[in-house]
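Here the structure comes first, spelled out in structure tokens, and everything after it is commentary.
The values are calculated or read from the model by the stated rules, or taken from the named source; none is laboratory data. Since this is a predicted model, take the numbers as computed values, not measurements. Positions of Cβ are generated from backbone atoms using ideal geometry, with glycine treated the same way; all protein chains shown enter the neighbour counts.
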Amino acid sequence: MLVNFIKKKSALLLLISFALLTLLPFWAMVVLAFSPFDLSQPLSLLPTRWSVENFQQVHQTIPLLVYACNSFAIAILATVCSLYVSSTAGYALARLPFKHKAVWQGLVWLTLMIPPQVNIVPLFILMKQAHLLNTHWAIILPACISGVMVVLYQQWFASQPVALEESAQLEGASVWQTFWHVCFPLSQGLTITLGLGSFINAWNGFLWPLIVLQEDKLKTLPLALALLKESFRDATNWPLLMAAACVSVLPIIVLYMVGQKLLISGLSQGGIKE
Amino acid sequence: MKKPRLNGMPRVASPTTKTFPWQWVLFAPALLGFLGFNYLPTVASFALSFFHWNLLDVPRFLGTQNYETLLQSTSFWQACSSTLQFVSLSSGLELGLAILLALLVHQQTQGKAFFKACYFLPYVTPMVAVSLVFGWLYHPDGGLLNQVLLGLGVIQHPVAWLANPQTAMLAVVSLEVWKTVGYNFLLIMATLESLPAEWIEAATLEGASVWQKSTQILLPNLIPTITTVGLLTLIHTLQAFDAVYLLTQGGPQNATAVLVYWIYKNALQFFKVGEASAMAYCLCVLIVGVSLLKWWLQRPKKSGGSSIAG
């Protein structure tokens with residue numbers, strides 16, 4: 001009986017065990033965050049005592065709220081700006097006449113090939129010259145520019161029928177009005193998907209913020225987490241760290257729960273082009 | 001001038017654009033951004049690779065000396081070999097697991113949405129938070145892996161997984177694979193779902209096993225996607241940094257110091273800007289090469305007109 005059942009359901013069992021493996025670190029994060037800090041016994045994934053002390057303690061150890069606000073400000077500004085910049089550029093390339101359009105298009109496509117790491121040092125120098133080091137703009141401005149987003153917007157706008165735009169134009173709407181009142185609202189689905197993606201990207205960013213933000217009160221949550229870990233010398237206070245980690249993951253999990261369907265379907269359609 | 005459309009309707013936007021260059025107003029922010037944050041730095045990086053500079057003094061022209069130093073330095077070759085190990089292990093696993101999971105999930109009748117949401121979740125979570133958990137899993141004092149292995153009697157003493165060059169590499173790879181496999185999985189799922197469902201239904205009626213359906217019907221149709229996803233994974237893993245920085249700091253004995261980590265260290269900790277730029281350029285050439293290959297491979301498929309990416 002059992003052997004037969006396992007044989008029949010082996011694929012499902014494999015998938016479920018892989019799902020458990022995928023979720024294990026999340027479980028560990030949450031459980032440890034609620035475990036009391038006690039060096040005498042190893043931390044367990046099935047704790048006997050739950051406590052919220054760690055969250056209070058992490059709040060007292062580091063200005064977590066300040067870091068969270070920094071992360072939020074950066075992520076929201078980066079998202080809004082990148083959506084504006086990419087949708088306008090995508091629309092222009094899809095619909096408006098350009099001399100040598102192929103050149104401009106190629107310019108956008110080519111950026112997809114250049115690895116961002118090659119630009120890090122000159123970009124750092126550029127930010128230094130512009131006196132933008134140790135400001136959030138050093139993170140927000142480069143995050144506004146995304147070749148992938150321009151390409152996806154362009155393809156989306158190009159795939160739409162022109163009839164609506166033509167009638168708007170006949171009624172005397174300017175190009176801006178046509179874009180802003182007719183085309184952009186129609187692209188809602190794509191906009192939400194790309195917006196989610198760029199918020200998550202900005203929220204999770206590590207290498208670039210690490211380079212341009214040295215001042216403590218400007219740091220983002222990921223930087224603060226890495227710093228907190230390095231501050232432990234002998235025994236790491238894992239529960240405290242995990243409490244801080246939970247705080248940094250929570251907004252992403254909430255966003256993921258809300259927008260998971262859009263994110264997944266959007267990625268399935270557009271992701272292969274990246 | 002261009003011909004007017006049906007019934008003399010104007011081409012979208014052409015009347016107003018004669019008087020006002022809307023296309024440039026709309027395109028300018030992106031164009032300036034691409035020039036300032038992409039092209040200028042890329043060109044500057046190339047130029048810097050021929051100079052000696054510590055970010056403070058006046059840069060000194062060296063010619064190709066940075067590249068020569070690089071080719072002669074053991075640390076560069078070590079970084080290359082670490083990168084090769086990291087890239088081959090993680091992209092192999094990321095691709096292989098993603099194919100396996102996608103084939104199996106596609107043939108399930110229930111739970112597809114759950115598996116998709118679940119496997120993709122790590123991809124969107126912040127690497128820093130996740131790396132802390134993995135840091136605990138691999139920790140010698142009471143880390144989960146040691147707890148489990150000691151409990152099962154596989155090992156007698158706690159092992160410092162991140163202090164041994166071989167296991168440290170595997171630890172970093174496991175973090176990278178755990179985080180990225182869901183992304184590849186979704187890309188492959190998208191292709192599978194675009195295939196006609198009748199194929200699988202017919203094969204099931206004829207009593208074909210999951211293995212037969214996978215290898216004889218699904219896999220042959222997946223080859224183009226697998227190639228694309230494989231090259232994407234290659235590009236992605238060549239750029240790995242966060243996992244290494246957070247889990248092992250490139251150690252032990254530089255065993256996990258991949259190229260990007262070395263670029264970061266040389267540029268911003270040792271202030272060897274020229275050498276770091278030369279390194280960055282080597283990486284850039286490699287990645288552009290892979291991108292070109294991917295672009296070239298995708299071309300015939302596009303002209304064929306059948307593409308899920310439309």
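In region A:127-145, the qualifying residues are those that are crowded, with 19+ Cβ neighbours inside 10 Å and at the interface with chain B (Cβ under 9 Å from one of its Cβ atoms), and the one that is nearest to B:Ala278 (Cα to Cα) is A:Pro142. One residue stands out among those in region B:232-253 that are surrounded by fewer than 19 Cβ atoms within 10 Å (Cβ to Cβ) and either hydrophobic (A, V, I, L, M, F, W, C) or away from every other protein chain (no Cβ under 13 Å) (or both): the one that is farthest from B:Ala168 (Cα to Cα), which is B:Gln253.
Name every residue in region B:195-241 that is modelled with pLDDT of 90 or more and touching a Phe, Trp or Tyr at 6+ places or on another chain (Cβ under 7 Å), in order of residue number. Matches in region B:195-241: B:Thr237, B:Ala240, B:Phe241. Here the helices (runs of 4 or more DSSP H) wholly within region B:1-80 that include at least 1 residues being at pLDDT 90 or above, loosely packed, with under 12 Cβ neighbours inside 10 Å and of a type outside the set (A, V, I, L, M, F, W, C) are B:65-72.
Residues in region B:78-94 that are within 14 Å of chain A (Cβ to nearest Cβ), within 15 Å of B:Val181 (Cα to Cα) and hydrophobic (A, V, I, L, M, F, W, C): B:Val87, B:Leu93.
Can you tell me which of A:Val151, A:Val162, A:Val175 is surrounded by fewer than 21 Cβ atoms within 10 Å (Cβ to Cβ) and either modelled with pLDDT of 95 or more or over 30 Å from B:Leu56 (Cβ atoms) (or both)?
Numbers: A:Val151 fails: surrounded by fewer than 21 Cβ atoms within 10 Å (Cβ to Cβ); A:Val175 fails: surrounded by fewer than 21 Cβ atoms within 10 Å (Cβ to Cβ).
None of the others qualify; the one that does is A:Val162.
Could you check, for region B:257-264, whether at least one of its residues is at the interface with another protein chain (Cβ under 9 Å from one of its Cβ atoms), surrounded by fewer than 24 Cβ atoms within 10 Å (Cβ to Cβ), touching a residue at least 60 places away in the same chain (Cβ under 8 Å) and of a type in the set (A, V, I, L, M, F, W, C)? No.
Can you give me the number of residues within region A:1-19 that are more than 9 Å from chain B (Cβ to nearest Cβ) and not hydroxyl-bearing (Ser, Thr, Tyr)? Write out each step before concluding.
Kept after step one, since they are more than 9 Å from chain B (Cβ to nearest Cβ), are these residues of region A:1-19: A:1-9, A:13, A:17.
The next check asks that each one be not hydroxyl-bearing (Ser, Thr, Tyr); those that pass are A:1-9, A:13.
The total comes to 10.
So, of the residues in region A:33-51 that are hydrophobic (A, V, I, L, M, F, W, C) and more than 28 Å from the chain's Cα centre (by Cα), which turns out to be modelled with the lowest pLDDT?
Initially, region A:33-51 is screened for residues hydrophobic (A, V, I, L, M, F, W, C), giving A:33-34, A:37, A:39, A:43, A:45-46, A:50.
Filter once more, so that each one left must be more than 28 Å from the chain's Cα centre (by Cα): A:37, A:39, A:43, A:45-46, A:50.
Working: A:Phe37: 80, A:Leu39: 71, A:Leu43: 79, A:Leu45: 81, A:Leu46: 80, A:Trp50: 83.
The selected residue is A:Leu39.
Scanning region A:199-254 for residues that are more than 9 Å from chain B (Cβ to nearest Cβ), in contact (Cβ under 8 Å) with a residue 12 or more places away in the chain, of a type in the set (A, V, I, L, M, F, W, C) and not in a helix (DSSP H, G or I) yields a count of 1. Against the test of being at the interface with chain A (Cβ under 8 Å from one of its Cβ atoms) and surrounded by fewer than 22 Cβ atoms within 10 Å (Cβ to Cβ), the options B:Pro122, B:Pro158, B:Pro165 yield a single qualifying residue, B:Pro122. When region B:193-208 is limited to residues that are touching a residue at least 12 places away in the same chain (Cβ under 8 Å) and within 13 Å of B:His106 (Cα to Cα), the one that is surrounded by the most Cβ atoms within 10 Å (Cβ to Cβ) turns out to be B:Ile200.
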